[in-house]
Amino acid sequence: MTRFVLVHSPFVGPAAWQATARLLPDAVVADYGCVTGPDWYGRVGRAVAAQAGEAPWTAVLHSGAGGFAPALARAAASLAGFIFVDAILPHPGRSVLDTAPAEMIAQLRRVTTDGLLAPWNRWFDVDPTEQMIPDPEARAAFVRDLLRTPFAFLEAVAPDDSAWEVLPAAYIQLSRNYDRTAERAAARGWRVSRERLHHLAMASHADRVASLLLDAASPTSVVESIPGRLP
């Protein structure tokens, strides 16, 4: 089995993956910071590839990090595959603004000040981390690590590169917001597993998410697909 390199969303921070990483052998939590300037995707791809090293590894992409798959495939010859965790699918040649629902873009414009998005937990009327991460210490660590991502990232065009598509991939759905994305992953022939958790389950249910990752990476595993809508 290859090593897991856990890649956080561009809207949160590496603390999201720390609890799960402690339960996985030789896992690496990537920390690409809040990269700015031209070639946003390429810079993230190169930063993660440098931290992953030269031994074979599997990129575990959470949420918006799913869009980094083409850049990672371009930057890292040692990349062996992908596991998308409640993540968007890649959008080569397009930006987040080109692909996200109009209501989401409007919301992000409302929480932007001086060109920077507010920390993720302040995008909502009620801070969702209080319910999603009930442990006070874990929640505080997650919130401290939140990024203020430039709005310009949403306008950046992802590399128009199909090299990522030749690598094996799997999808883990944690929340109902990713119903359609999980269906798209299944239509690609990927192994798809569904769990009744929530979008930040790697921080609150690390043991279960670690088990799902190990299962997804095993060529002989049987996927547990839970019918119905998720929370």
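A compact table of results
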| item | result |
| --- | --- |
| Residue within the stretch 161-172 that is over 23 Å from F4 (Cα atoms) and not in a loop (DSSP other than H, G, I, E, B) present | no |
| Any hit, the stretch 11-22, residues being over 24 Å from A156 (Cα atoms), in contact (Cβ under 8 Å) with a residue 40 or more places away in the chain and assigned to a loop (DSSP other than H, G, I, E, B) | yes |
| Boolean, E137 is surrounded by fewer than 16 Cβ atoms within 10 Å (Cβ to Cβ), modelled with pLDDT of 95 or more, among the charged types (D, E, K, R) and in a helix (DSSP H, G or I) | yes |
| Identity of the residue in the stretch 37-65, in contact with a strand residue (DSSP E or B) (Cβ under 7 Å, 6 or more places away or on another chain) and in contact (Cβ under 8 Å) with a residue 60 or more places away in the chain, that ends up surrounded by the fewest Cβ atoms within 10 Å (Cβ to Cβ) | T58 |
| Residue in the stretch 200-211 that is without any contact (Cβ under 8 Å) to a residue 12 or more places away in the chain, in contact with a Leu (Cβ under 7 Å, 6 or more places away or on another chain), assigned to a loop (DSSP other than H, G, I, E, B) and of a type outside the set (D, E) present | yes |
| Residue within the stretch 123-133 that is within 28 Å of T20 (Cα to Cα), assigned to a loop (DSSP other than H, G, I, E, B) and aromatic (F, W, Y) present | yes |
| Qualifying residue in the stretch 180-202 (condition: crowded, with 20+ Cβ neighbours inside 10 Å, of a type in the set (K, R), farther than 15 Å from F82 by Cβ and at pLDDT 95 or above) | yes |
| Within the stretch 27-45, tally of residues that are assigned to a loop (DSSP other than H, G, I, E, B), over 14 Å from the mean Cα position of the chain (by Cα), hydrophobic (A, V, I, L, M, F, W, C) and modelled with pLDDT of 80 or more | 1 |
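The values are calculated or read from the model by the stated rules, or taken from the named source; none is laboratory data. These numbers come from a predicted model, not from an experiment. For neighbour counting, all protein chains shown are included, and Cβ atoms are generated from backbone atoms with ideal geometry for every residue, glycine included.
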